[in-house]
Amino acid sequence: MLPPAARLAARRLLGLASSSASEAAARRLAPSPIAASSYAAAARGSVSSSRPFSTALNYHIDSPENKPDMKWEFSEANMKKVKEILSHYPSNYKQSGIIPLLDLAQQQHGGWVPVAAMDAIAKIVEVAPIRVYEVATFYTMFNRTKVGKYHLLVCGTTPCMIRGSREIEETLLEHLGVKRNEVTSDGLFSVGEMECMGCCVNAPMIAVADYSKGSEGYTYNYYEDLTPKRVVEIVEMLRRGEIPPRGTQHPERKNCGPAGGNTTLHGEPKPPPCRDLDAC
Amino acid sequence: MAFLARALRQSNSRLSSRCPAVAASCRWISPTAAAGSPEAGAAVAPADPELPPPREPVGGARVELPPNPEDALEVFVDGHAVRIPKGFTVLQACEVAGVDIPRFCYHSRLSIAGNCRMCLVEVEKSPKPVASCAMPALPGMKIKTNTPVAKKAREGVMEFLLMNHPLDCPICDQGGECDLQDQSMAFGADRGRFTEMKRSVVDKNLGPLVKTVMTRCIQCTRCVRFATEVAGVQDLGMLGRGSGEEIGTYVEKLMTSELSGNVIDICPVGALTSKPFAFKARNWELKGTETIDVTDAVGSNIRVDSRGPEVMRIVPRINEDINEEWISDKTRFCYDGLKRQRLNDPMIRGPDGRFKAVTWRDALAVVAEVLHQVKPEEITGVAGKLSDAESMMALKDFVNRMGSDKVLCEGNGPNPPADLRSNYLMNTGIAGLEKADVFLLVGTQPRVEAAMVNARIRKTVGATQAKVGYIGPPADLNYDHEHLGTGPETLVEIAEGRHPFCSVLQSAKNPVIIAGAGLFEREDQDALFSTIETVAKKFNVTRPDWNGLNVLLLHAAQAAALDLGLVANPAESIKSAKFLYLMGADDISLDKLPEDAFVVYQGHHGDKAVYRANVILPSSAFSEKEGTYENTEGCTQWTIPAVPTVGDARDDWKIIRALSEVAGAQLPYDSLSAVRDRISTVAPNLIHVDEKEPCTISAEVKPPVKQQVSSTPFKTVIENFYMTDAITRASKIMAQCSATLLKK
Ligand code: SF4
Ligand code: FES
Ligand code: FES
């Protein structure tokens, strides 16, 4: 009989062996390194979704659409916004603008920031490019590889997970026929995962980042109280170009109030006894 | 025990100068500290109420309290009162009290990051343990470093650090000198509770010098801070977050800094190690010899680690006045040049043009015979850029005895300003540069000519926003500077007060002018130096309390050669030479040398000049001999032999001494001390080792200069930082560096 720790370790090892085998298989299948990494990430995620693995690589791999020597510039309209953003910060602390600028670049570039964009931002805020890379890799909401026009982010944190976010994600992946962080062949959708977005009252939920209309028409909407059926409907509406009603999808709920209206606390609240001056 | 010896040798360094790696090894390891499980440390209360006796400051450091008592404060460390200057951190206060606090991210020469948490101590009235490296000491603070709370905190941090650290010490090059190893022995628990898989990280390619095993990284960010703050190349960064965090460059990029090797020393674990040294030796097999570097005129203090007859690696030693605790990549990695292309035996070129090995007796006899056939004024001696003072003295005495005064050192130009020491030294001193607030660099690119001087300038610029004006060809200086112009006209403009930079100089308190030794080679050097002096006079650069007029020399031998008076004009001496004695001189132009001249090459490497030599006399390299060198600031230092000489080679001065006897003009010294006695009569400053003999300012006594400055722009003096002398040219690593790092 092995001691418990050793048993556990042995089990882990088995898990690792199978996951690395599937990774290797994924790599063989996938031609481009980017795809390989996302396969690998997906494979890892499926083996043990409880293990905290970051889904994106923390280093850059050249690909035809993402190379440091490519030219990238803010559009004219956005250049105005850049000026606006920078005006919020003292001129010797321009680097404070890195996050809003990365966000703007991400909107302009269809939902992800290529290295060339990061370099352009570094030039604007007058820091070394690595300082921008550091920020961009730190925040998981900056995508550094291609995403779909509609980037669907499933909340995977505890409350949503208890309320069924895993089924939501599985349904989405199955419906779209992709793996996590992979883009559908029509370039329309991609599914990602993120942590609690503060919407746990109406768990489970997804956020949809809409990059289809550039940075002007950019929206970022929450769809709450989802069921696997409803989430498919939402996807189909998006595909048709409609905008599904955002917020809770529960027919009887208003915002984040209780479904079916309030059941308690109907009347005026009674004052606490100590404040009932007449009674004294 | 090697580390104890190292610690003892380091013990006279100042507090601010202590190297954490060394400190880590001289820590007191108390047997009670790590007893039992992580909880046990917390459960056992300190038994005896008696205080242990107070300790000496860590590493025997001296603490200089500010003169004004208001600027000092008192804190209590483990019950003992210590007085410290204001602004010290808790960690520094503990060091003054003689308690060494474990640390990973803190480094005395880098900014404080406070992200490893290894330095936790207990402070009375504070609810949690505090990170001592980032906490300023406050008056009356009661710091406790060995209470159960502090011990448990350290054990906890250690457990977390070891969670993701691979257990590959047996195959890790840092093994035996690893901070993590040492500190987990001293402060860690004897078990961990982590049973998950460890993470792994992709290795990065940082170039031919630094090997990375990124899985071992503990995210202390020392390397990132070093690259940003000291080396001035913002390439490294901390990417990602949480357990996915890794050090890297994001876009693959080599580390193109001349100081990149230092990240090997500051990395507390084996994540960044030396690529050329990988798997070559374990550090406890090595014999350390404390010596100095001769690849440039800085004279960085180094330790040569050798195993048997082989130099295995070179690491820096602390010298606050010269190199602090960094060295350049050239210094660190040139050592493989010491093993390649060496000259082993005396050789004579036969009539077929091939060299034939002969005995010393025959070789010297041949040289002596030729020597007697030429006229005295046709004898020329040239010392190379790596020569030590002893051999230059011997060469000069010998050539003089043979009746010639044509003896010179390469790199000193046609008419070196050898009359006044202050005319060819860095009068401010390297450490003194930190007091400057304006720099004017004239025809010098310190980054390639003297990387450590450049690091000082960068440090000063970073610390005090000192302004830098630069006159010379476009250069890549790694700090903010103003490129004023490319040629002497700009200098003249400044001297005449017509240049906008004059206002900057005018308002400076401690202006510094650094002129490159490359100017020595110019035709108009007298005029140039007198213009520089005009500038100096005009802007108060030389005053009784401040001498900011500096010359930055290029080669290790230069200063001593000028002290000893090896100042003949190279062009004329070479043109008229029938007997040329090259003592390691490879870079002197031999185009004008008469066809029938007889060339003796005495040196350690088969380098350029060997092609023209008729006789080769093998000599020892700097790692194999005792020699005196004077660096650019006039500080005299000795090399100490680390390894035996190669083949039949001999020390330079001994060869000349032997030759003088065969030639019938015997030099009157037989031992090193006798040579040094002789040197003391010529240049007594070369006898006072590790001291800087100050030079007096007496620019007034100079004769007026009639020369005109020419309009030729200044040239780049060193084209390839990595290959400047016989040793570095023979080095494979340096060749790799020039191939990969210098390509545009
Ligand atoms: S590589 Fe070394 S120096 Fe750099 S963060 Fe990691 S452990 Fe620290
Ligand atoms: S857990 Fe999903 S929004 Fe909070
Ligand atoms: S040394 Fe203090 S936190 Fe790292």
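The values are calculated or read from the model by the stated rules, or taken from the named source; none is laboratory data. As the structure is a computational prediction, the values presented were derived from the model and not from experiment. Ideal geometry is used to build each Cβ from the backbone, glycine not excepted, and the neighbour counts take in all protein chains shown. The area values use the complete protein model at the heavy-atom level, side chains included, leaving out ligands, DNA and RNA. Shrake-Rupley method; radii C 1.70, N 1.55, O 1.52, S 1.80 Å.
Here the simple spin-label model places points 7 Å from the Cα toward Cβ, and for B:Arg612 and B:Arg191 these points are separated by 7.5 nm. Taking Cα atoms only, the orientation of helix B:732-741 departs from the longest principal axis of chain B by about 80 degrees.
Placing +1 at every Lys and Arg Cβ and -1 at every Asp and Glu Cβ, with all other atoms neutral, what dipole size does region B:342-727 have around its Cα centre, in debye to the nearest 20?
280
Counting Cα-Cα pairs of region A:147-248 in 10 Å increments starting at 0 gives whole-percent bin shares of 17, 54, 27, 2. Neighbouring Cβ atoms from other chains, within 10 Å of the Cβ of residues in B:230-242, number 5 on average.
When the label point is put 7 Å from the Cα of B:Asp648 along its Cα-to-beta-carbon vector, which residues of region B:609-628 have a backbone N closer than 18 Å? Answer for region B:609-628: B:614-621. Taking all protein chains into account, the per residue accessible area for region A:93-158 stands at 34 Å² (1.4 Å probe).
On a C-alpha basis, how far is the centre of region B:396-434 from the centre of region A:111-181 in Å? Whole number, if you could? Measuring centre to centre over Cα atoms gives 64 Å.
Between the helical axis of B:148-163 and the longest alpha-carbon principal axis of chain B there is an angle of about 60 degrees.
Protection proxy ranking, highest mean first, for peptides B:592-603, B:250-261, B:158-169: B:250-261, B:592-603, B:158-169, where packing is the per-residue count of other beta-carbon atoms within 10 Å, averaged. Along the charge dipole of the protein assembly as shown, which of B:Leu395, B:Val130, B:Asn631 sits closest to the positive end, that is, farthest toward it, with unit charges on the beta carbon of Lys, Arg, Asp and Glu (+1, +1, -1, -1)? Result: B:Val130, furthest along the dipole toward the positive end.
This model, with +1 at the C-beta of Lys and Arg and -1 at the C-beta of Asp and Glu, gives region B:447-563 a dipole about its Cα centre of some 600 debye. With 21 Å as the limit on Cα-Cα distance, the pairs of B:Lys435/B:Lys537; A:Lys123/B:Lys211; B:Lys280/B:Lys339; A:Lys146/A:Lys179; B:Lys287/B:Lys732; A:Lys81/A:Lys213 that go past it are A:Lys123/B:Lys211; B:Lys287/B:Lys732.
With a Förster radius of 30 Å applied to the beta-carbon distance between A:Glu65 and A:Arg240, the computed FRET efficiency rounds to 0.65. Here A:Glu252 and B:Glu70 are evaluated by their C-beta separation; at R0 = 56 Å the FRET efficiency comes out at 0.20. Ordering B:365-375, B:289-299, B:202-212 by mean Cβ neighbour count within 10 Å, with the highest value first, yields B:289-299, B:202-212, B:365-375. The length gained by stretching the chain between B:Cys169 and B:Asp480 to full extension, at 0.36 nm per residue less their Cα-Cα distance, is 107.7 nm. Averaged over residues, the count of other Cβ atoms within 10 Å places the peptides B:712-723, B:671-682, A:62-73 in the sequence B:712-723, B:671-682, A:62-73, highest first. With 0.36 nm allotted per residue and the present C-alpha distance subtracted, the B:Arg354-B:Lys537 stretch has 60.2 nm of extension available.
For the pair region B:77-110 and region B:495-510, the centres of their Cα atoms are 43 angstrom apart.
Dipole orientation for the protein assembly as shown: of the candidates B:Met197, B:Leu259, B:Leu659, B:Met197 has the Cα lying most toward the positive pole (charges on Cβ; Lys, Arg +1; Asp, Glu -1).
Secondary structure note: in chain B, about 55% of the DSSP beta bridges are antiparallel. The lysines whose alpha-carbon is closer than 28 Å to the alpha-carbon of B:Lys128, local same-chain residues fewer than 8 away aside, are B:Lys86, B:Lys142, B:Lys144, B:Lys151, B:Lys152. Centroid-to-centroid, using Cα positions, region A:209-280 and region B:587-636 are 86 Å apart.
Helical runs assigned H by DSSP (4 residues or longer) give chain B a calculated mean residue ellipticity at 222 nm of -7000 deg cm²/dmol, each run adding -39500 (n - 2.57) before division by the residue total. Restricting the chymotrypsin sites (Phe, Trp or Tyr not before Pro) of region B:282-389 to loop positions (DSSP other than H, G, I, E, B) with no more than 11 neighbouring Cβ atoms within 10 Å leaves nothing. Restricted to Cα atoms, the protein assembly as shown shows a radius of gyration and a Dmax of 34.8, 132 angstrom. Phi angles across region B:78-92 convert, under the Karplus curve 6.51 cos²θ - 1.76 cosθ + 1.60 with θ = phi - 60°, into 3J(HN,Hα) values of 6, x, 9, 7, 10, 9, 9, x, 4, x, 6, 8, 4, 4, 5 Hz, Gly and Pro given as x. DSSP beta bridges fully contained in the protein assembly as shown are about 55 percent antiparallel. Of B:Ile471, B:Ile112, the order by accessible heavy-atom surface (1.4 Å probe, DNA, RNA and ligands excluded), from most exposed downward, is B:Ile112, B:Ile471. Applying the Karplus relation 6.51 cos²θ - 1.76 cosθ + 1.60 with θ = phi - 60° to region B:659-664 yields 3J(HN,Hα) values of 4, 4, 5, 4, 7, x Hz, where x marks Gly and Pro.
Interface area, chains A and B: about 2000 Å² of buried accessible surface, summed, with a 1.4 Å probe and ligands, DNA and RNA left out.
Per-residue mean of foreign Cβ neighbours for A:124-130 is 4 (Cβ atoms of other chains, 10 Å radius). Here the label points at A:Ala128 and B:Ser126, each 7 Å from Cα along the C-beta direction, are separated by 3.1 nm in the simple model. Computed from the Cβ-Cβ distance with R0 of 30 Å, the FRET efficiency linking A:Thr263 to A:Met197 stands at 0.65.
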